[in-house]
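Heads up: the structure comes next, in C-alpha cells.
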Amino acid sequence: MRKMVFVFVLLLTMVSMGALAQDNPVTLRITWYDDGNEGAVLRGLLDQFEANNPDIKVELDTVAYNVILEQLPQQVQAGEAPDLLRLTNFLGLRGFYLDITPHLSDAAAYESYFPAGVLNAFRLEDETGLFGLPLQTTVSGLYANATLFEQAGVELPTTEDGWDTWVEAAQAVAEATETPYALAFDRAGHRFAGPAISEGSSFVNEDGTLTIDQPGFRVMAERLKAWHDNGVVPVEVWLGAGGSYAPAADYFINGQAVLYMAGSWQINNFANNIGDNFDWVAVGNLTGEETSTGMPGGAALMAMAATEHPEEVARLLEFLATPEIYAQFTAETLFLPGHLALPEFEYVTENEDAKAALEVFAAEVPKLADAAYALNFHPKFFDAFNIPTRERLTQYLAGELTLDEAIERIQQDADTALAPAS
C-alpha cells in the first residue's frame with residue numbers, strides 16, 4: 001500500500017511539474033533582422049516548435065540591420081546579449097557564443113549538416129564546439145531591369161562584358177526610358193570588394209594582414225567616383241547614409257535604377273515587392289581584368305553564452321536544423337541553403353524571375369575566388385575592411401579626401417583593427 005501511495009504521489013508530482021512548466025514556460029529572445037519575409041517564415045516554424053515544446057516560448061525581436069551591425073556588438077560585449085542573435089559578422093563576436101554540444105541530443109548529426117569551414121568560422125582557434133545555426137549562403141552580384149532594356153531597345157550585355165560596358169548600356173536605357181539612374185550600388189565595402197577582386201586585388205596577405213593599395217581597388221574606386229560625379233548613381237546612398245551601411249534596393253524596386261549591385265539575399269524582397277511591375281534578371285558578376293567573382297557570405301543564428309537557458313537554446317537550434325524544417329525555411333524564404341543534408345524541395349514561388357535568379361546565384365558559388373573567401377572570412381573583415389572602405393570611400397566621393405589619402409586612411413584603419421591590442 002505504501003509503495004502504491006508513493007508511486008501515486010510521484011506521478012502526481014511529475015504531472016504537477018509538467019503543468020507548472022507549461023504555465024510558466026521559459027522565454028527565449030531572438031534578436032533578428034529581415035531582408036525579405038524570413039522573419040514571418042521563422043515565426044511560423046517557432047509556432048510549430050512551441051506547440052511541441054510547451055515549456056518554451058520564443059520572442060522574435062526584429063531590428064534594422066544597421067542595429068545588428070553597429071549596436072549589438074557593443075551590447076554583447078557589455079554583457080547584454082539576447083539568448084540568440086542573427087548575425088552576418090559572426091566572426092566578430094567569437095568568444096561570446098554558447099557551445100551547445102553538450103545539450104544536443106545528436107551532436108554528430110548536427111555537425112554533419114553544415115560545411116566544416118562555416119562551423120569553424122564560429123570558433124576561436126582553441127575551440128571545437130558547436131555555436132550556432134548557418135541560415136543561408138549568399139553571393140553578391142548584379143541585377144538588371146529587363147523591362148527597361150526591352151523598352152529602350154538595348155540588348156543586355158553578357159557577364160563577359162565588364163562594368164564599363166554594362167554601365168554604358170544602362171545609361172542608354174536610362175536616357176531612352178527617362179529613368180533617373182543607370183545604377184544603384186549598396187553602400188558597403190562587401191559589395192565593393194567583389195568587383196575590386198575581379199579587377200585584380202587580393203587584399204589578404206599570408207600573414208593575415210591586409211594590403212589595400214592594389215590596382216583593382218583603385219579601378220573600382222575611380223569608377224565609383226565617376227558614377228557619382230556624372231549622375232549615374234543616386235548620391236544619397238553613399239553620401240547621405242551618415243556613416244552607416246545603406247542598401248539601395250528601393251531605387252531598383254521602384255523602377256528608378258536600371259541596374260542594382262546587391263546579392264542573392266534580395267531575391268525574395270524583389271519577388272514580393274516588384275511582383276508584376278516589371279521583369280528583372282539576376283546578372284551575376286561581371287568579368288574584370290583578373291576574374292569574375294562576387295563575395296561569399298551568409299547569416300547565422302548564434303547561441304549566446306550569456307543565456308540563462310542553454311538547454312532550451314540548444315533544443316530550439318536542433319529543431320531548426322532538422323533537414324525537413326530547414327528545407328521548409330529555405331523553400332519559403334528563397335535563400336540559397338547552408339545545409340548539406342536537405343531532402344529534395346521546391347522553392348515556394350510562382351515568380352519566374354525569382355526562380356531564374358536562384359539558378360544564376362547558385363551558379364555563381366563555384367566561381368567565387370579564393371581571395372573573396374579569404375577576405376570575407378577574415379576574422380576582422382568588418383572592422384579592418386568593410387567599415388573603413390565604405391567610410392573612407394565616402395569621404396573620397398564627397399571630395400574630402402583624394403584617392404591616395406582615402407587608401408592611406410583605410411590602410412591605417414586596417415592596421416589599427418589588426419593590431420594585437422585591438
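Debye-formula intensities of the range 54-96, expressed as log10 I(q)/I(0) at q = 0.35 Å⁻¹, are -1.50 (one equal scatterer per alpha-carbon, no solvent). Taking 14 Å as the cut-off, the amide N atoms of the range 277-309 that come nearer than this to a point 7 Å along the Cα-to-beta-carbon line of ASP164 belong to 287-290.
If contacts are Cα pairs under 8 angstrom and at least 6 residues apart, what is the relative contact order of the chain in percent? Kindly include the intermediate steps, with their values, before the conclusion.
On the way: 746 pairs, mean separation 102.8, N = 422.
Contact order relative to length: 24 percent.
Within the range 335-381, the GluC sites (Glu not before Pro) that combine a DSSP coil assignment with at most 11 other C-beta atoms in a 10 angstrom radius are GLU344, GLU346, GLU350.
Placing +1 on each Lys and Arg Cβ and -1 on each Asp and Glu Cβ, with no other charges, gives the chain a dipole about its Cα centre of roughly 1200 debye.
Between the residues ALA354, MET304, LEU119, the greatest Cα displacement towards the positive end of the dipole of the chain, with unit charges on the Cβ of Lys, Arg, Asp and Glu, is found for MET304. Once both axes come from the Cα atoms, what is the angle between helix 403-418 and the longest principal axis of the chain, in degrees from 0 to 90, rounded to 10? Orientation of helix 403-418: about 20 degrees from the principal axis. ASP207 sits among other residues whose Cβ lies under 14 Å from its own Cβ, and their net charge, with Lys and Arg +1 and Asp and Glu -1, is -1.
Distance between the C-alpha centers of the range 352-415 and the range 241-312? Whole Å please. Cα centroid to Cα centroid, the span is 14 Å.
Once the C-beta distance of LEU60 and ALA341 is scaled by a Förster radius of 25 Å, the resulting FRET efficiency is 0.45 to the nearest 0.05.
How far is helix 215-229 tilted off the main Cα axis of the chain, in degrees rounded to 10, range 0 to 90? Roughly 80 degrees between the two axes.
Among the chymotrypsin sites (Phe, Trp or Tyr not before Pro) in the range 336-380, none sits in a DSSP loop with a Cβ that has at most 12 other Cβ atoms within 10 Å.
Net length available on complete extension from GLN395 to GLU222 is 61.0 nm, with 0.36 nm assigned per residue and the Cα-Cα distance removed. Semi-axes of the equivalent ellipsoid of the chain are 43, 25, 18 Å, computed as sqrt(5λ) over the eigenvalues of the C-alpha gyration tensor in descending order. Extending 7 Å from the Cα toward the beta-carbon at both ASN230 and GLU111 defines two label points whose distance is 5.4 nm.
With 22 Å as the cut-off, how large is the P(r) tail for the range 166-299, expressed as percent of Cα-Cα pairs? Walk me through the intermediate numbers first.
Details: 3570 of 8911 pairs.
Everything past 22 Å amounts to 40 percent.
With contributions of -39500 (n - 2.57) from each DSSP H run of at least four residues, the per-residue ellipticity at 222 nm computed over the chain stands at -13500 deg cm²/dmol.
Just the Kirkwood number for the range 229-331, please: inverse of mean 1/r across all distinct Cα pairs, in Å, one decimal. Kirkwood hydrodynamic radius for the range 229-331: 17.7 Å. Along the positive direction of the dipole of the range 124-235 (beta-carbon charges: Lys, Arg +1; Asp, Glu -1; about the Cα centre), which of ALA176, ALA188, VAL139 reaches farthest? Result: ALA176, furthest along the dipole toward the positive end. Its Kirkwood hydrodynamic radius, worked out from the mean inverse distance over all distinct Cα pairs, puts the range 99-185 at 17.0 Å.
Relative to its residue count, the range 123-232 spans a Cα convex hull of 148 Å³ per residue.
If you wrap the Cα atoms of the range 33-159 in a convex hull and average its projected area over all directions, you get 11.9 nm². The aspartates and glutamates whose alpha-carbon is closer than 20 Å to the alpha-carbon of LYS380, local same-chain residues fewer than 8 away aside, are GLU70, GLU125, ASP126, GLU127, GLU206, ASP207, ASP213, ASP370, GLU391, GLU408, ASP413, ASP415.
For the range 301-376, what class follows from the C-alpha gyration tensor (a ≥ b ≥ c being the square roots of its eigenvalues): rounded when a/c is under 1.5, otherwise prolate if a/b is larger than b/c, else oblate? Oblate. The aspartates and glutamates whose alpha-carbon is closer than 13 Å to the alpha-carbon of LYS57, local same-chain residues fewer than 8 away aside, are ASP23, ASP47, ASP83, GLU312.
Restricting to the chain, what percent of DSSP beta bridges are antiparallel, rounded to 5?
Details: 24 of 37 bridges.
Antiparallel bridges make up about 65 percent of those DSSP assigns within the chain.
Take the range 296-422, drop everything but the C-alpha atoms, weight them equally and run the Debye formula without solvent; then report log10 I(q)/I(0) at 0.11 Å⁻¹ to two decimals. The Debye formula, applied to the Cα set alone, gives -0.67.
Each reported figure results from applying straightforward, stated rules to the coordinates on display, with no laboratory input. These figures come from a predicted structure and were not determined experimentally. Cβ sites come from the backbone with ideal geometry, for glycine too, and all protein chains shown count toward neighbours.
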